Amino acid sequence: MRLSILLLSVLALGFGASTLLAQQTLFGTVTDEIGDPIIGGTVKVLRGETFVTGGATDFDGNYQISVDPGTYNVEFAFIGYAPKEVQGIEVLPGQEFKLDMQFDGTEGILLEECLVVDYKVAPTKVDETSQGMTLTSKDRKKLGTRNINAIASMSAGATSSDEGEAVRVRRNRGNQTQYIIDGVRVPLTPPSPAIKYKQPQSDYTREDYRAFSENTFQLPQNEPLSTFGADVDVAAYANIRRFLNQGQVPPPDAVRTEELVNYFSYDYPQPKGKDPVSITTELGECPWNKNHQLLHIGLQAKELDVDNLPASNLVFLIDVSGSMNSQNKLGLLKESYRLLVPQLRQQDKVSIVVYAGAAGTVLEPTAGDQKDTILAAIDKLSAGGSTAGAAGILLAYQLAEKHFVKDGNNRVILATDGDFNVGTTANESLEQLIAKKRDTGIFLSVLGFGQGNYQDARMQSLAEKGNGNAAYIDNMLEARKVLVEEFGGTMYTVAKDVKLQVEFNPTQVAAYRLVGYESRLLAAEDFNDDKKDAGDMGSGHTVTALYEIIPIGSKSDFLPSIDGLKYQKPKGTDGVKFSKELATVRMKYKHPQDEKSQEKVEVTLDAGSTAFAKTSEAFQWSASIAGWSLILKRSEYASGLNYEQLISRAENSRGKDIKGYRAEAIRLMEISRNLSMPAELVETGR
């Protein structure tokens, strides 16, 4: 296959001598010869053979990287193909540079064949010797490149199931994985409803997800206060994307609504004054039940100036056990960390601890500007052996304590599939250890990798106890999002133990339900208890929460019913003074180095509701994602939802979407729509 790489580089950011020191933007688009974008390709910027920085192509094949003026080599790579390099690119202030490049991909194809599973295939040409089908260049053009690229690494090594057919696919001298239904690739461009197909068998039997029940409607007369910890974990979204891109419906317990909603950033106002977090509220029509309302609460953490970030003491704790020995685990982990290294500064210190059958230090604390040394240590990592996770965590904390930076960012970053099987494996023991270290000022962030044995429940528990966040990295685009674009928010906490408490007025609210946050619920008295752990927010992070509300006087099948009281009056029936208020939202938090909460921040919300079409973009987008989550969870509260309306609302509230993350979510909605389509509708085309 022939690929054409279009590289547009070097946009000057200023003029005059002062710009010689300013970083420039290296940007461009990676496409094939028929104009389709290469999605998720790796872009490395090298000085000679030394790695400087890197990135990945987005869902339109675009990339954008900041570099200092100078001369570089730029390497492009994508799974299944030998890397291609453009040498001697001179980056100068005020000068735009353009390079068109073509190369013959058939000279560098690395994958000879792979297995496509669980779809009925109508091959265009049968190759008896390979027991599959051969795709000619004309066939490849018919199928296109966009979706072949997007799912290229998803099915290699898969096995067939009783519910579908497996075929071996070859394309000329090599192959990239592709799903084909009657000659049409899926899933990013969903098959027509008229195309008959079988839903693939789910393959998550060895993956572990925390079971939980959805929040139910509460009566404000009995439960006037709703309290929970603000959460910024987003691992569930990337994990669900992995399932859908493989043509599988995710297990319900893998779908955590708040993590889907919070995967996206929202344009909330920056905090003013001394508080590091601002509160925004909005009340509008609930899109999945016209008789209900939706309360939207947005938190915005203060964005710190990158130049003024505190010094970091980072310990990379890396799982190199046998279970990590695959390209989508340790291989992807190493490439991901290569993106993180350029963000480090001279005042930062980095250590690397690994664990398999035993734990050990492979890089003593090293200044962040010693990038070659750090990268060399990462490159040498290899997998093998059993998994002594607890021993690794102990060693990492010991190293972090030894080199503790006062008033700095002291953090252990655990990268693993979570499959601890040697040593102290009980979740409770590990959680107690991490919670104890958290109190010393050393936080824990968790990066999850891989599939098949991914231990999601354990990863979530460890991150929650460690005052950190959890992310799941399924490709280089996600690695760049977590470790480059959101570096400050991932690594630098501006407010810890952030708690929200909403008091509902029973003269306006018949019942309410918090949408998501099931694992972050707190008792009402926990709001004022500084010993109770809660959510944490990093630099620039946003947190969004939604309440579904049944207004007084509305008819609803979900309205709880209780018998009248015999010995006392129902609570809240005399709230005349505050009859126009719907609710009061309160927030408490601690500064990262403090153990005492600040005075609560309070916002009062009136009862006037806005039609959905007139609500803000943030309201409409978050509601659309929450509705999608309800469908994926097979929720009883999703009865008023259908995919056509859901996708239409998401399209209308997509906004600027510079990075393309919202466009990707819409494509995932289309995939899940087709995977959930009843067989009779698929066959009839209705």
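Listing for the model above:
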read-out	value
From the options I413, I378, I393, residue that is surrounded by 20 or more Cβ atoms within 10 Å (Cβ to Cβ) and over 24 Å from F51 (Cα atoms)	I393
Residues located in the stretch 577-628, provided they are of a type in the set (D, E) and at pLDDT 95 or above	E617
Of the criteria (1) within 16 Å of the chain's Cα centre (by Cα); (2) assigned to a loop (DSSP other than H, G, I, E, B); (3) under 19 Å from R673 (Cβ atoms), which one R242 fails	(2)
Some residue of the stretch 28-40 being in a strand (DSSP E or B), at pLDDT below 80 and of a type in the set (D, E)	yes
Pair list, Cβ under 8 Å, 6 or more apart: the stretch 273-287 residue within 12 Å of V494 (Cβ to Cβ) and touching a residue at least 24 places away in the same chain (Cβ under 8 Å), other residue of a type in the set (A, V, I, L, M, F, W, C) and in a loop (DSSP other than H, G, I, E, B)	none
Unmet criterion (only one of (1) over 28 Å from P592 (Cα atoms); (2) among the charged types (D, E, K, R); (3) not in a helix (DSSP H, G or I)) for R411	(1)
Wholly enclosed helices (runs of 4 or more DSSP H) of the stretch 450-502 bearing at least 2 residues closer than 30 Å to A524 by Cβ	456-465
Filter result for the condition that a residue is crowded, with 22+ Cβ neighbours inside 10 Å and over 19 Å from the mean Cα position of the chain (by Cα), over S278, S226	S226
Per-region count, the stretch 291-313, residues in contact (Cβ under 8 Å) with a residue 60 or more places away in the chain and either within 19 Å of E617 (Cα to Cα) or not in a loop (DSSP other than H, G, I, E, B) (or both)	12
Set K437, K499, K481: member being in contact with a Phe, Trp or Tyr (Cβ under 8 Å, 6 or more places away or on another chain), in contact (Cβ under 8 Å) with a residue 12 or more places away in the chain and under 20 Å from L309 (Cβ atoms)	K481
Search result, residues across the stretch 366-386 that are modelled with pLDDT of 90 or more, polar (S, T, N, Q) and either assigned to a loop (DSSP other than H, G, I, E, B) or outside the structural domain of R345 (by TED's automatic domain parsing) (or both)	Q370
Index of the failed condition, Y72 passing every other in (1) modelled with pLDDT of 60 or more; (2) more than 18 Å from A56 (Cα to Cα); (3) in contact with a strand residue (DSSP E or B) (Cβ under 6 Å, 6 or more places away or on another chain)	(2)
Some residue of the stretch 602-609 being under 30 Å from R438 (Cα atoms) and either without any contact (Cβ under 8 Å) to a residue 60 or more places away in the chain or crowded, with 17+ Cβ neighbours inside 10 Å (or both)	yes
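Condition check ((1) under 30 Å from V494 (Cα atoms); (2) surrounded by 15 or more Cβ atoms within 10 Å (Cβ to Cβ); (3) more than 22 Å from the chain's Cα centre (by Cα)) across all residues:
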| site | (1), (2), (3) |
| --- | --- |
| V585 | yes, yes, yes |
| A611 | no, no, yes |
| S624 | yes, yes, no |
| G640 | no, yes, yes |
| S648 | no, no, yes |
| E664 | yes, yes, no |
| R667 | no, yes, no |
| E670 | no, yes, no |
| L675 | no, yes, no |
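The values are calculated or read from the model by the stated rules, or taken from the named source; none is laboratory data. Computed from a prediction, not measured in an experiment: that's the story for all the values here. So basically every Cβ, Gly included, is an ideal-geometry build from the backbone, and we count neighbours across all protein chains shown.
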